[in-house]
Amino acid sequence: MENRYAALVKGPSAVFPRGFLWLIPLWYLVLVAVTRYKGRLPSWYALCALGATLLAVLLLIAVLATLRNNAFVADESGILLGLRGAAQRRIGRRRRQKHLAWDEVSQLRIAYRPYGARLDIFLTAGSRTGNGRLVWRIAAAIVTVLLPPACLFRSPGLLRPRSGPVRYRVPLFDVRPQQLQLALAPFTPPNVALAVRPRLHARAFARLRRLRRSRLTTAA
């Protein structure tokens, strides 16, 4: 048996570019505007068509939001992000993978989420992000808004690091934060911090305890 840990990535980030879900309601609003101001359809027919389209949009968003992909693997060499096998799309560019060696990682931060856990992979200072120039990213986003099929030719959001600080964000399905911490601990080098972020109510209770302690100290 291979010494590695694999998990399911939730949502469309392993397939589509970041922000793709927000584009679907935007395209629907454009359709509504065109139908309202430029369309020549009978009002009753336009209302029925837009209602049916809205239902289809909601179903599509629900399906994409609950996607699960085998796109996360951790082992002794590092972390591999992306769909396994780098499968070839029938239309569009080849799906890529991103391998993060442990010497590129400075910290792993795990947070609780209703669907499982969210893993933030922080890179070391000076690591190459591969995001390209900002102007090209803005141009690609504009083209995607105007031409929806362009999303097939863009890199998945999972493979695009976020800025400030530079990190990869991975939503993992059906795994608790403590389980994920125990699974990653055998592979994580000593110089890479591995921490679980407390849940919101736990942080609130911790702040309340610190506030009470400070008040008692001041009163004494």
Exercise. Just checking, how many residues over the range 38-55 are closer than 12 Å to Pro25 by Cα and exposed (fewer than 12 other Cβ atoms within 10 Å of the Cβ)?
Worked result: 1
Seminar exercise, completed: Within the range 97-150, residues at pLDDT 75 or above, within 26 Å of Ala6 (Cβ to Cβ) and not in a strand (DSSP E or B) come out as Gln97, Trp102, Asp103, Glu104, Pro114, Tyr115, Thr124
For this session: Restricting attention to the range 154-191, report how many residues are of a type outside the set (S, T, N, Q), assigned to a loop (DSSP other than H, G, I, E, B) and surrounded by fewer than 18 Cβ atoms within 10 Å (Cβ to Cβ).
Result: 8
For this session: Could you give me the residue pairs with C-beta distances under 8 Å whose first residue belongs to the range 1-23 and is aliphatic (A, V, I, L, M), whose second residue is assigned to a strand (DSSP E or B) and surrounded by fewer than 18 Cβ atoms within 10 Å (Cβ to Cβ) wherever it lies, and which are 6+ apart or on separate chains?
Result: Ala6/Asn70; Leu8/Arg68; Leu8/Asn70; Val9/Arg68; Val9/Asn70
Seminar exercise, completed: Here the qualifying pairs (Cβ atoms under 9 Å; residues six or more apart or on different chains; first in the range 111-127 and on the phi > 0 side of the Ramachandran plot; second surrounded by fewer than 16 Cβ atoms within 10 Å (Cβ to Cβ) and of a type in the set (Lys, Arg)) come out as Gly116/Arg176
Problem set entry | Residues of the range 1-60 that turn out to be farther than 23 Å from Ala71 by Cα and either polar (S, T, N, Q) or not in a helix (DSSP H, G or I) (or both), as a count | 8
For this session: Please verify whether the range 191-198 includes one or more residues that are under 16 Å from Ala117 (Cα atoms) and without any contact (Cβ under 8 Å) to a residue 60 or more places away in the chain.
Result: yes
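The values are calculated or read from the model by the stated rules, or taken from the named source; none is laboratory data. A quick note: this is a predicted structure, and the numbers were derived from the prediction, not measured. Don't worry about glycine lacking a Cβ; one is built from the backbone with ideal geometry, like all the others, and counts go over all protein chains shown.
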